[in-house]
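Reviewing the structure listed below.
The values are calculated or read from the model by the stated rules, or taken from the named source; none is laboratory data. These numbers were taken from a predicted model, which means no experiment stands behind them. With ideal geometry, Cβ positions are generated from the backbone for all residues, glycine too; neighbour counts draw on all protein chains shown. Areas reflect the complete protein model, heavy atoms only, side chains present, ligands, DNA and RNA absent. Shrake-Rupley method; radii C 1.70, N 1.55, O 1.52, S 1.80 Å.
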Amino acid sequence: MKKLCTVLMAVLLAALVLTTAMAADEPMRMTWWGSESSNKIYLGVSDMFSQELGIEVENEYLSWDDYWTKLNTLAAANDLPDSLRMDLAYIKSYVDKGLLMDLTELVEKGLIDLSDVPESAISGGMFDGGLYAINAGSNSIGMLYNVKMITDAGMEVPGHELTWAEFEQFVLDFYAKTGIYGSDLWGLRDYNGTFRAYVRSNGGQLYNEAQDNLGFEQQILVDYLNSIKRLHDAGAVQNVSEITVDVGRENQPYSKGQAASITTTTDSGTTYYSMVKDTFGPSVLRIIPGSAENKGMWVKPSQFMAIAKDAEHVEEAAAYINYWTNSESCNEFISGRRGVPISNKMASFVGSKLDEASKMTFDYMVEMAAYASELYDPDPIAHSEVDAEFSTTFQSVLFGEMTPEEGAKHFFEFAAKVLGE
Amino acid sequence: MTAATAKKPMTKGARLRKRRNNLAGLAFISPWLFGLLVFTSIPMLYSLYLSFTKFDGLGDPKWYGLNNYINMFQDGVFWKSVGITFQYVFILVPLRLSAALGVAMVLASNHRGIGLYRTVYYIPSLLSGSVAIAIIWSKLFGTDGAINGILTMMLGRPMTYNWVGEPATALYSLILLGCWHFGSSMLIFVSGLKQIPQSYYEAALIDGASPWQRFSRITLPMLTPVIFFNLVMGIINAFKAFSEALIITDGGPMNRTMLFALYIYKQGFTYFKMGYACAMSWVLLLIISVFSIFVFKSSDGWVHYEE
């Protein structure tokens, strides 16, 4: 009995020692979501940041889906990391729930120096009079074309003013001439980007103002599905069975020189560019076909950096935002791969040192601004479920299980039900 | 009469010894008891409560009555996922058990180096839930995968069928992966086979029984307790299957591999309908219980215990 007691005591003691040892002297916790290539950038910045400023950093990074799962769990447990990345889709609900710190005081104290940052670049992070995040970069989407493959086929690289019908013809023609896919279905199936631009270009929005239903005519979806189905059935894009299971960006046809175009965010655009450049030649970004006339494009803050309300390392987290905003070495390292720097000084500093891929997106962001209209409202919470049903519908139509009309009808019924709940 | 049945009064020493034994026993299982209470029953009860609420995982749960349960009846994907999960369980479990028994019969013999083979055949089960295997699987059965490579060689014409991407075959690729994880049932079968007294087989041989007769009249009946155990565990695990579907197909194409557990995860963590996901979990518990009870009840009729 005595022995047992001693053993139990020892175990308890050991557990106690272990937990206290873990609690003491924690480094600043930092988290983000990202692909493999963007993770490299974040990790690089973290390393430079902790070396230059002598601040220990613990990095945690996940894919988009897992990130929000994890962050919501941490928020519920009141254990958010000190420094975190926010997206337009979620920042409002995080602010409403009081999970983020108002940065105004930190700016006034000079811990975050925004003296070179224009007001327009700051206002994106303002909610109800407080500054809850600094947007360190903006992005958009576009259609990436492989210049060499298209000119080799004796065709012209499309311009910004291309209509959707002309784009469809381009894809068909390119396939007819080369036997290579004219576009990549991985881009065309994208509800969030490609289809959103298509809807906006046809005078709608994905969701209505009350966000309790879709915000566009059913016929728009019918037309879109019909167009994609024509491309698919002609063989001018890959078979739908190739896009039902995620294969990773590097295995998509565009990355392997098996497709002449793909829709992408500008951030990922640089990744695609670097992947195909050496083997298949340079790429160029254009706006989503058909977006010119109605200004269907948009510019979206993509790099919201925030600090948790209950952060333990407030000053360190502020220093991180400041580092990203104002440090020459940091911005030289990033060299525009996360969007144009918000500080005017940094933008012109980096502008002179860009590599080809970043230069392409820099130029694109300037050109596309002429075709952009007001940014859409943050998506409703049911967005991800509607998004998933869009893929199902999209695939059902291409597999021939539904006609485009049936697909559109089904999708509208589903969305009305989920959004109305 | 009464004196014979009445308990003998314990001496003081015996009582003390007994209490000490109980204490030691409790001490030994205390980590498990603690775990059960804190990490299993509290979350379970909480999830029962959540199943009657509307809860996005972030804010405060709001009372929602039976609505989560009612909504299930109108949820098309829910019913699809129920159907697919039944299909998965009823094809996978018999297949996996047969595979396990077949391999176990071969490995139950006493050849030299048989231990090595047993280990080798068990390895897939060790790796079973792992992400790496799921990724290998999606490569094997993809368009450029090894399966198509072999078929191309055998058929002499190029095969580009996407086994995991086509709605017709996606679920079966997952079932095949499940079959491949027969290792743990196999080990239990091996030990069960070794329990069967050799003398039965010798007697049957003298009476001129054919191999099939020996298998069906001796091996199978003697194994029924082990089969029963493997069947129950197999059914429960198959209903809970999750990671393969998440990693290889993510429920696609068109929800054809949306296993029940995966759909629970999606509702809870992707669509932020935690209350609904909790309600679905309880429905899953109910389904598993019904099947387990059914198997247990039926076992009187086909499981033979040696007395």
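Would a scan of the stretch A:302-309 turn up a residue that is at negative phi, open to solvent by 50 Å² or more (accessible area, probe 1.4 Å) and not assigned by TED's automatic domain parsing to the domain that holds A:F362?
no
In the stretch B:251-270, which residue that is in a helix (DSSP H, G or I) and of a type in the set (A, V, I, L, M) is least open to solvent (accessible area, probe 1.4 Å)?
B:L262
Within the stretch A:388-403, which residues are more than 10 Å from chain B (Cβ to nearest Cβ) and closer than 20 Å to B:K273 by Cα?
Matches in the stretch A:388-403: A:F390 only.
Identify all residues within the stretch A:380-421 that are within 24 Å of the chain's Cα centre (by Cα) and among the charged types (D, E, K, R); write none if there are none.
A:E385, A:D387, A:E389, listed by residue number.
When both residues are 6+ apart or on different chains and their Cβ atoms are under 9 Å apart, which pairs have a first residue that lies in the stretch A:117-137 and is of a type in the set (D, E), and a second that is open to solvent by 10 Å² or more (accessible area, probe 1.4 Å)?
Close Cβ pairs satisfying both conditions: A:D128/A:V95; A:D128/A:D96.
Might you let me know whether the stretch B:243-250 holds any residue that is part of a helix (DSSP H, G or I), open to solvent by less than 20 Å² (accessible area, probe 1.4 Å) and in contact with a His (Cβ under 7 Å, 6 or more places away or on another chain)?
Within the stretch B:243-250, not a single residue is part of a helix (DSSP H, G or I), open to solvent by less than 20 Å² (accessible area, probe 1.4 Å) and in contact with a His (Cβ under 7 Å, 6 or more places away or on another chain).
Restricting the first residue to the stretch A:292-307 and requiring it to be closer than 11 Å to A:R200 by Cβ, which pairs with a second residue that is in a loop (DSSP other than H, G, I, E, B) and of a type in the set (K, R) meet a Cβ separation below 7 Å and a spacing of at least six or different chains?
Partner pairs satisfying both residue conditions: none exist.
Could you tell me which of the residues A:F394, A:F333, A:F390 is in contact (Cβ under 8 Å) with a residue 40 or more places away in the chain, in a helix (DSSP H, G or I) and surrounded by fewer than 21 Cβ atoms within 10 Å (Cβ to Cβ)?
When all the criteria are applied, what remains is A:F333.
Mind counting the residues in the stretch A:140-152 that are farther than 17 Å from A:K295 by Cα and in contact (Cβ under 8 Å) with a residue 60 or more places away in the chain?
Going through the stretch A:140-152 one residue at a time, the tally reaches 7.
Do you know which of the residues in the stretch B:141-153 that are surrounded by 12 or more Cβ atoms within 10 Å (Cβ to Cβ) and within 14 Å of another protein chain (Cβ to nearest Cβ) is modelled with the highest pLDDT?
Here the answer is B:N148.
Given the condition farther than 25 Å from B:G251 by Cβ, among the hydrophobic types (A, V, I, L, M, F, W, C) and in contact (Cβ under 8 Å) with a residue 24 or more places away in the chain, answer yes or no: does some residue in the stretch A:375-386 qualify?
Yes - at least one qualifying residue is present in the stretch A:375-386.
Return only the number of the condition from (1) at pLDDT below 95; (2) in contact with an Asp or Glu (Cβ under 9 Å, 6 or more places away or on another chain) that A:S227 does not satisfy.
Of everything listed in (1) at pLDDT below 95; (2) in contact with an Asp or Glu (Cβ under 9 Å, 6 or more places away or on another chain), A:S227 misses just condition (1).
Applying the selection to the stretch A:403-421, what residues are at pLDDT 95 or above and assigned to a loop (DSSP other than H, G, I, E, B)?
Matches in the stretch A:403-421: A:T403 only.
I'd like the residue in the stretch B:154-173 that is in contact with a Ser or Thr (Cβ under 9 Å, 6 or more places away or on another chain) and free of Cβ contacts under 8 Å to residues at least 40 places away in the same chain and, out of all such residues, is least open to solvent (accessible area, probe 1.4 Å).
Here the residue is B:N162.
How about the stretch A:241-295: which of its residues are among the aliphatic types (A, V, I, L, M) and open to solvent by less than 50 Å² (accessible area, probe 1.4 Å)?
Across the stretch A:241-295, the qualifying residues are A:I243, A:V245, A:A259, A:A260, A:I262, A:V276, A:V284, A:L285, A:I287, A:I288, A:A292.
Quickly run through the stretch A:246-303 and pick out the residues that are outside any loop (DSSP other than H, G, I, E, B), of a type in the set (D, E) and either touching an Asp or Glu at 6+ places or on another chain (Cβ under 7 Å) or within 14 Å of chain B (Cβ to nearest Cβ) (or both).
Within the stretch A:246-303, just A:E250 meets the criteria.
Rundown of residues vs (1) under 24 Å from the mean Cα position of the chain (by Cα); (2) under 30 Å from A:V95 (Cα atoms), yes/no style:
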position	(1), (2)
B:W32	yes, no
B:L36	yes, no
B:F39	yes, no
B:L45	yes, no
B:L48	yes, yes
B:K54	no, yes
B:L58	no, yes
B:K80	yes, no
B:V89	yes, no
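Within the stretch A:128-154, how many residues are in contact with a helix residue (DSSP H, G or I) (Cβ under 8 Å, 6 or more places away or on another chain) and open to solvent by less than 30 Å² (accessible area, probe 1.4 Å)?
16
Looking at (1) of a type outside the set (D, E, K, R); (2) closer than 30 Å to A:P380 by Cβ; (3) more than 14 Å from every other protein chain (Cβ to nearest Cβ), can you tell me which one A:L231 breaks?
(2)
Return a yes/no flag: does the stretch A:210-218 have any residue that is open to solvent by 10 Å² or more (accessible area, probe 1.4 Å), part of a helix (DSSP H, G or I) and modelled with pLDDT of 95 or more.
Looking for residues that are open to solvent by 10 Å² or more (accessible area, probe 1.4 Å), part of a helix (DSSP H, G or I) and modelled with pLDDT of 95 or more, one finds at least one in the stretch A:210-218, hence yes.
So for the stretch B:74-95 (the condition being surrounded by fewer than 15 Cβ atoms within 10 Å (Cβ to Cβ) and within 30 Å of B:L193 (Cβ to Cβ)), does at least one residue qualify?
Checking the stretch B:74-95: at least one residue is surrounded by fewer than 15 Cβ atoms within 10 Å (Cβ to Cβ) and within 30 Å of B:L193 (Cβ to Cβ).
Considering each of A:D102, A:D113 in turn, give the residue that is closer than 23 Å to A:G339 by Cβ, modelled with pLDDT of 90 or more and among the acidic types (D, E).
When all the criteria are applied, what remains is A:D113.
Scanning the stretch B:271-285 for residues that are open to solvent by less than 30 Å² (accessible area, probe 1.4 Å) and in contact with a helix residue (DSSP H, G or I) (Cβ under 6 Å, 6 or more places away or on another chain), which turns out farthest from the other protein chains (Cβ to nearest Cβ)?
Per the criteria, the residue is B:L284.
So B:L284 clears everything in (1) assigned to a helix (DSSP H, G or I); (2) of a type outside the set (F, W, Y); (3) more than 22 Å from B:N71 (Cβ to Cβ) except one condition, right? Which one?
(3)
Quick check on the stretch A:366-387: of everything there that is closer than 19 Å to A:G296 by Cβ and assigned to a loop (DSSP other than H, G, I, E, B), which residue is nearest to the other protein chains (Cβ to nearest Cβ)?
Going through the qualifying residues, I end up with A:D379.
Return the pairs, sorted by first residue and then second, in which the second residue is among the small types (G, A, S) and surrounded by 12 or more Cβ atoms within 10 Å (Cβ to Cβ), the first residue lies in the stretch B:207-219 and is without any contact (Cβ under 8 Å) to a residue 24 or more places away in the chain, the beta carbons are less than 9 Å apart, and the residues are 6+ apart or on different chains.
B:A209/B:A203; B:Q213/B:A204; B:R214/B:A204; B:R217/B:A204; B:R217/B:A209; B:I218/B:A204; B:I218/B:A209
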